[in-house]
Protein chains: 2
Amino acid sequence: MKRAIVVGVTAIDNIETPFGNVQNVLGGSATYAAIGSSIFARTGIVAPAGEDFPDEYIELLKEKGIDVSGLERSGKAFRWEGFYDFDMNEAKTLRTELNNLTTFEAKLPEQYKDEEYFFLANIDPKLQLKVVKQLRKPRFIAMDTMNFWIEHQKEDLIEVIKNVNMVVLNDAEARMVFDTVNLTKAAKECLRLGPQAVIIKKGEHGALLYTEEMHFSAPGYPLEVIKDPTGCGDSFGGALVGYLASCDNAHEASIRKGIVYGSAVASFTAEDFGTTRLKTLTKEEVEKRYHEFREMREF
Amino acid sequence: MKRAIVVGVTAIDNIETPFGNVQNVLGGSATYAAIGSSIFARTGIVAPAGEDFPDEYIELLKEKGIDVSGLERSGKAFRWEGFYDFDMNEAKTLRTELNNLTTFEAKLPEQYKDEEYFFLANIDPKLQLKVVKQLRKPRFIAMDTMNFWIEHQKEDLIEVIKNVNMVVLNDAEARMVFDTVNLTKAAKECLRLGPQAVIIKKGEHGALLYTEEMHFSAPGYPLEVIKDPTGCGDSFGGALVGYLASCDNAHEASIRKGIVYGSAVASFTAEDFGTTRLKTLTKEEVEKRYHEFREMREF
């Protein structure tokens with residue numbers, strides 16, 4: 001079993017959905033991803049954390065066994081405020097305070113530079129690239145992003161895509177980067193840039209995996225109530241990479257299983273606000289849901 | 001092996017998509033459904049056909065082995081003109097000429113009243129109900145519909161739902177009938193009305209099956225080019241019911257397999273305009289795609 005290193009942001013979030021709202025809760029791409037990963041593998045987190053970032057949030061990460069030596073505690077914490085309409089498909093941003101994100105340098109702790117499994121969660125692609133360049137013997141690097149970087153730093157983003165093993169995008173992002181409504185076409189264009197695998201997250205519709213040789217389709221979990229989709233994609237990616245680190249390989253069969261584990265974790269994430277559900281989530285609960293996924297795709 | 005009877009409409013269509021357009025082509029819910037069904041089982045079609053309905057279209061149905069004794073040849077043929085935008089998700093109607101649809105009475109040929117497997121393709125729910133009442137020993141009745149009936153004849157539609165074994169809706173229709181964005185919730189509401197199974201078609205995202213006891217999720221087929229989605233849902237439903245008739249049961253395992261066969265047939269339908277691809281489609285091609293579906297959901 002190898003360790004998984006997650007790079008991204010931590011945040012203090014205000015979230016509103018049709019099912020309620022929460023203030024000043026723990027958030028950020030790296031937070032969700034690291035918690036997702038920690039279910040499967042020892043995990044390290046690299047992110048800015050802000051001097052005003054509540055200690056209890058760092059304690060929560062530690063309780064999950066996450067190594068927090070890569071948290072850069074300086075400046076003011078990044079803050080995000082957003083809401084979801086009834087269809088819950090897209091987070092609408094009301095306000096962001098970048099704060100210490102603008103000075104974060106993504107310097108890896110020395111001991112992380114020899115690690116092999118990385119998840120570059122959503123953050124400035126320039127920083128993602130900076131991380132890649134610090135790695136001495138990476139075996140598997142996966143990356144995620146968001147619409148903001150596609151709109152404003154597409155060239156940097158393409159450069160990151162060329163330097164990773166796996167790209168994880170949601171459907172809207174995939175369409176946007178490759179300028180086509182057809183997800184299969186988008187995935188094939190993406191593969192042409194170099195990565196061995198492309199995953200397209202489709203929320204309630206599950207996730208798709210494309211490689212040069214094959215296609216895999218994972219079902220969505222039939223949740224009757226989705227309270228808050230914040231962090232679903234991040235916890236999906238983190239769980240997937242954590243699972244691969246735990247297998248110490250990125251074979252096709254492992255990636256397929258990892259996608260289903262990621263889908264299981266993401267479905268739990270959506271069941272409550274912020275990281276609430278993830279806080280108490282156990283490996284056993286994830287395994288149980290994994291088996292439900294098996295049954296619901298059997299024919 | 002039992003016979004499958006499909007009830008619906010035939011039509012003469014003008015279709016435009018981002019990939020081209022066709023004029024005066026064979027169309028209609030019953031047409032697509034009957035051709036889909038005929039791949040698996042002997043099939044009868046019940047629909048209005050119009051005196052001006054081209055004989056060659058009827059010949060085409062006959063060549064597929066479809067019994068056309070239930071075609072009611074009177075009046076002018078129903079005509080539909082529509083187009084699809086780049087996202088290809090929804091047919092936009094430009095013009096309809098109801099013509100003989102307004103006088104069609106859906107009288108079953110005497111020998112069909114003792115049949116056991118029926119697909120009530122999209123048509124006025126009053127007519128669907130009329131068909132149900134003519135049946136002497138139905139074993140399995142599936143139904144489809146469209147947004148027009150949900151908007152204008154919801155009460156009739158609910159009455160049909162209460163009288164069938166399986167409801168087949170697309171995602172937008174399911175949300176519309178049961179007034180929720182959540183498909184799982186919509187499906188459960190639908191089951192409460194009486195049918196044993198609900199299928200929700202999600203186009204490129206595959207299809208979902210819900211019963212009281214379980215949930216099944218079939219993947220979509222990763223087509224790089226969708227030329228024309230017209231008839232996909234109809235050929236899906238027809239193929240599914242044809243497959244069940246060929247098994248002479250509607251056990252859960254058969255329904256799951258039937259959904260994948262239906263998905264395979266629908267994916268071929270989208271590959272060319274109108275019924276073009278279906279005309280030459282062989283059982284072997286469908287089997288091959290069925291096995292691709294198996295591989296792409298394996299983990």
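The values are calculated or read from the model by the stated rules, or taken from the named source; none is laboratory data. What you are looking at is a predicted structure, and each value in this text was computed from that prediction instead of being measured. FYI the Cβ positions are ideal-geometry reconstructions off the backbone, even for glycines, and counts take in every protein chain you see.
Of these, B:231, B:206, which one is within 14 Å of chain A (Cβ to nearest Cβ) and on the phi > 0 side of the Ramachandran plot?
Just one listed residue meets the conditions, B:206.
When we screen A:223, A:183 for residues that are within 16 Å of residue B:223 (Cβ to Cβ) and more than 15 Å from the chain's Cα centre (by Cα), the only hit is A:183.
Can you find even one residue in segment A:62-74 that is hydroxyl-bearing (Ser, Thr, Tyr) and more than 16 Å from the chain's Cα centre (by Cα)? Checked against the condition, which is being hydroxyl-bearing (Ser, Thr, Tyr) and more than 16 Å from the chain's Cα centre (by Cα), segment A:62-74 yields at least one hit. When the test is whether a residue is farther than 18 Å from residue B:122 by Cβ, at pLDDT 95 or above and buried (at least 18 other Cβ atoms within 10 Å of the Cβ), residue B:3 passes it.
Annotation: of all residues in segment B:283-295 being touching a residue at least 60 places away in the same chain (Cβ under 8 Å) and away from chain A (no Cβ under 14 Å), the one that is surrounded by the most Cβ atoms within 10 Å (Cβ to Cβ) is B:286. On the stretch given as segment A:210-225, residues that are buried (at least 24 other Cβ atoms within 10 Å of the Cβ) and among the aliphatic types (A, V, I, L, M) total 1. If you go through segment B:59-102 and pick out every residue that is farther than 15 Å from residue B:230 by Cα, among the aliphatic types (A, V, I, L, M) and at pLDDT below 95, you end up with 2. Condition first: closer than 18 Å to residue B:38 by Cα, touching a residue at least 40 places away in the same chain (Cβ under 8 Å) and surrounded by fewer than 23 Cβ atoms within 10 Å (Cβ to Cβ). Can you find one or more residues in segment B:234-246 that meet it? There is at least one residue in segment B:234-246 that is closer than 18 Å to residue B:38 by Cα, touching a residue at least 40 places away in the same chain (Cβ under 8 Å) and surrounded by fewer than 23 Cβ atoms within 10 Å (Cβ to Cβ).
Restricting B:195, B:219 to those that are closer than 30 Å to residue B:16 by Cα, of a type outside the set (D, E, K, R) and at pLDDT 95 or above reduces the list to B:219. Note on segment B:178-201: residues that are charged (D, E, K, R), under 24 Å from residue A:201 (Cα atoms) and surrounded by fewer than 22 Cβ atoms within 10 Å (Cβ to Cβ) total 1. Here are A:174, A:218, A:197, A:187: which of them is closer than 24 Å to residue B:292 by Cβ, small (Gly, Ala, Ser) and touching a Cys at 6+ places or on another chain (Cβ under 8 Å)? Every option except A:174 fails the conditions. For segment A:190-221, a residue qualifies if it is farther than 25 Å from residue A:139 by Cβ and not polar (S, T, N, Q), and the qualifying residues are A:202, A:203, A:204, A:205, A:206, A:219, A:220, A:221. For segment A:18-31, the criterion of being within 14 Å of chain B (Cβ to nearest Cβ), surrounded by fewer than 24 Cβ atoms within 10 Å (Cβ to Cβ), among the β-branched types (Val, Ile, Thr) and touching a residue at least 60 places away in the same chain (Cβ under 8 Å) is satisfied by no residue at all. Looking only at residues that are closer than 18 Å to residue B:173 by Cβ and among the charged types (D, E, K, R) in segment B:198-216, which one is modelled with the lowest pLDDT? For segment B:198-216, the residue satisfying everything is B:204. Of a type in the set (Asp, Glu) and within 12 Å of chain A (Cβ to nearest Cβ): is that true of residue B:212 in this structure? Taking the combined requirement at face value, the residue does not satisfy it.
Among the conditions (1) of a type in the set (Phe, Trp, Tyr); (2) assigned to a loop (DSSP other than H, G, I, E, B); (3) buried (at least 18 other Cβ atoms within 10 Å of the Cβ), residue A:57 misses just one, which is (2). For residue A:259, state whether it is within 14 Å of chain B (Cβ to nearest Cβ), of a type outside the set (S, T, N, Q) and not in a helix (DSSP H, G or I). No: the conditions fail for residue A:259. Count of segment A:263-282 residues, restricted to those that are within 14 Å of chain B (Cβ to nearest Cβ), more than 11 Å from residue A:36 (Cα to Cα) and not polar (S, T, N, Q), is 2.
Among the residues making up segment A:175-225, a single one is outside any loop (DSSP other than H, G, I, E, B), in contact (Cβ under 8 Å) with a residue 40 or more places away in the chain and aromatic (Phe, Trp, Tyr): A:216.
Taking segment A:130-159 as the range and being among the β-branched types (Val, Ile, Thr) and within 28 Å of residue B:87 (Cβ to Cβ) as the test, the residues that pass are A:145, A:150, A:158. Residues of segment B:266-282 being part of a helix (DSSP H, G or I) and surrounded by 13 or more Cβ atoms within 10 Å (Cβ to Cβ), which ones? Those that are part of a helix (DSSP H, G or I) and surrounded by 13 or more Cβ atoms within 10 Å (Cβ to Cβ): B:266, B:267, B:268, B:269, B:276, B:277, B:278, B:279.
Restricting attention to helices (runs of 4 or more DSSP H) lying wholly within segment A:82-174, give those where 2 or more residues are surrounded by 14 or more Cβ atoms within 10 Å (Cβ to Cβ) and among the charged types (D, E, K, R).
A:125-134, A:154-161
For the criterion of being among the charged types (D, E, K, R), modelled with pLDDT of 95 or more, surrounded by 24 or more Cβ atoms within 10 Å (Cβ to Cβ) and assigned to a helix (DSSP H, G or I), residue A:228 fails. Check segment A:242-254 and report whether any residue there is more than 26 Å from residue B:183 (Cβ to Cβ), part of a helix (DSSP H, G or I) and facing chain B (nearest Cβ under 9 Å). So far as segment A:242-254 goes, yes, one or more of its residues are more than 26 Å from residue B:183 (Cβ to Cβ), part of a helix (DSSP H, G or I) and facing chain B (nearest Cβ under 9 Å).
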